[in-house]
């Protein structure tokens, strides 16, 4: 059964540098009532599985304030205004691991938290890596790690990674034999 929802009204509660928070009053044709939905608007992001000629994956560890932990992740970043996901992937590779890629191949995309956020993330596979650094963002303190692809897949399948973009991206790349 398909239920129709209609936004009756919207109000921005917060507008930040990267995200905006809005509340929507939504009418459901099934229940005939109005409910409040909170939505985090996000411009979108990319994640990159960067693999060198020896089948090693480049990861970064960085502090994530929202969870108060240092997490191990694949390189990723937010789209800047007017920037394509492809250009964002190229920029983030250079900023986070100091590399450019001869080949950037789209591996798919997904919603990160569709229950409350509009953010979609496109995953790219980067091959043909070459040193080509850009300065890191001022709010980043990144350490680069290199892990064999097969070992990383074992770690993901063993539940050793809590960063969902890393888990999903690696599984997309492995499943599609990219």
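The values are calculated or read from the model by the stated rules, or taken from the named source; none is laboratory data. Computed from a prediction, not measured in an experiment: that's the story for all the values here. Glycine gets a Cβ as well: all are built from the backbone with ideal geometry, and neighbour counts include every protein chain shown.
Scan segment 34-45 and give yes if some residue there is surrounded by 10 or more Cβ atoms within 10 Å (Cβ to Cβ) and in contact with a helix residue (DSSP H, G or I) (Cβ under 8 Å, 6 or more places away or on another chain), otherwise no.
yes
State all residues of segment 155-173 that are farther than 20 Å from residue 64 by Cα and without any contact (Cβ under 8 Å) to a residue 24 or more places away in the chain; if no residue qualifies, say none. Walk me through how you get there before you give the answer.
Narrowing segment 155-173 to residues farther than 20 Å from residue 64 by Cα: 155, 157-158, 170-173.
Matches in segment 155-173: 155, 157, 158, 171.
Mind checking which residues of segment 136-167 are at pLDDT below 90 and touching a helix residue (DSSP H, G or I) at 6+ places or on another chain (Cβ under 7 Å)? Steps first, answer last, please.
If we filter segment 136-167 for residues that are at pLDDT below 90, which is where we start, we get 136-141.
136, 137, listed by residue number.
So which residues in segment 46-69 are in contact with a helix residue (DSSP H, G or I) (Cβ under 6 Å, 6 or more places away or on another chain) and either on the phi > 0 side of the Ramachandran plot or not in a strand (DSSP E or B) (or both), if there are any at all?
Passing the criteria: only 55.
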